[in-house]
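Working notes, structure below.
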Amino acid sequence: MRIVLLGPPGAGKGTLATAIKDNLGLLHISTGDILREEMKNNTPLGQEAKRYVESGGLVPDELVTRLIKNKLENDPKAKKGFLMDGFPRTLKQAQDLDKILVDLKMPVEWTLCLEASLDVILQRLTGRRVCKSCGAVYHVKNMPSKKEGICDKCGGVLYQRTDDNEATITNRMKVYTESTKPIIEYYKTQGKLKVLNADKEAQEVKELALKNLNG
Ligand code: ADP
Ligand code: ZN
């Protein structure tokens, strides 16, 4: 299956992808995770991306699209199917993705759009914690680690993303409304859109998503 996850920051795209990728045998491709890894390793690409990510703006289309093209062409796991999380984020990215996937003969089958209300989004983003070593995601209230500040999976240190502060979140929401929301219509026109209520708990959203994809 080839799936694109849509929805505002904090809707739970990454959490859902992590929860269903093994059930469905899909490769999870997150541009946010790829960019954070590049920034952590201080690569030229990471250095270029940093100022955009930290202000809550978008990294240039050309740069992220190149990353995705490389991944899709060179990761053999992508052939079995993927869950795209955080890409596309602009109409241009969506159109370029379609071109890349037509060339590879593996077009997008479904887009799952996660809808969440603003108060839920803010609560999720401000309480989010991420493992420095493995990238696992926690929440201080909704999904706390067993030992405070320590990752259950690998023992790594948990930190708060620098873009999970109120000023940057406000900007990310604005960018979402202006640049990313139009993509929903794009996929709707293609007959590929499924909408989910993502205000619910992670487990319920997971079940809802699987039911939508299997039914
Ligand atoms: P969230 O979904 O919580 O906003 P992500 O981890 O998906 O977070 O993205 C974090 C940041 O990385 C974005 O605010 C943006 O700066 C950058 N980014 C991620 N994906 C893209 C993309 N497809 N196009 C442009 N910028 C991106
Ligand atoms: Zn970890």
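Each residue of segment 184-193 in order: what ³J(HN,Hα) in whole Hz does its phi give by Karplus 6.51 cos²θ - 1.76 cosθ + 1.60, θ = phi - 60°, with x for Gly and Pro?
4, 5, 4, 6, 4, 4, 7, x, 10, 8
Taking the Cα centre of the chain as origin, sum charge times position over the Cβ atoms of Lys and Arg (+1) and Asp and Glu (-1), and report the length of that vector in debye to the nearest 20.
Values: 35 positive and 28 negative charges, 77 e Å.
Charge dipole, the chain, about its Cα centre: 360 debye, nearest 20.
Tell me, what is the FRET efficiency for Q190 and V120 to the nearest 0.05, using R0 = 30 angstrom and their Cβ-Cβ distance as r? List each step's numbers first, then the result.
Values: r = 28 Å, r/R0 = 0.94.
It comes to 0.60.
Once you sort the root eigenvalues of the Cα gyration tensor of the chain as a ≥ b ≥ c, which label holds: rounded (a/c under 1.5), prolate (a/b larger than b/c) or oblate (the other case)?
Values: a/c = 1.35, a/b = 1.20, b/c = 1.13.
Rounded, because the longest to shortest axis ratio a/c is under 1.5.
Please compute the length gained on full extension between Q160 and K146, using 0.36 nm multiplied by the number of residues separating them and subtracting their Cα-Cα distance.
Values: separation 14, 0.36 × 14 = 5.04 nm, distance 1.70 nm.
Additional length available on full extension: 3.3 nm.
Convert each backbone phi in segment 12-18 into a coupling constant with the Karplus relation 6.51 cos²θ - 1.76 cosθ + 1.60 (shift: θ = phi - 60°), then list the ³J(HN,Hα) values in order as whole Hz, x for Gly and Pro.
For segment 12-18, the Karplus curve yields x, 4, x, 5, 5, 4, 4 Hz.
At 0.36 nm per residue, and after removing the present C-alpha to C-alpha distance, how many nm does the segment from S55 to N214 gain when stretched out fully? List each step's numbers first, then the result.
Numbers: separation 159, 0.36 × 159 = 57.24 nm, distance 3.85 nm.
Length gained, S55 through N214: 53.4 nm.
What residues have an amide H closer than 5 Å to that of R89, excluding those fewer than 5 places away on the same chain, when H is modeled at 1.01 Å from N in the peptide plane?
HN-HN under 5 Å from R89: A94.
Bear in mind that the values in this text are calculations on the coordinates, not laboratory data. Predicted model only: the values in this text are computed from it and were never measured. Note: ideal-geometry Cβ built from the backbone for every residue, glycine included; neighbour counts use all protein chains shown.
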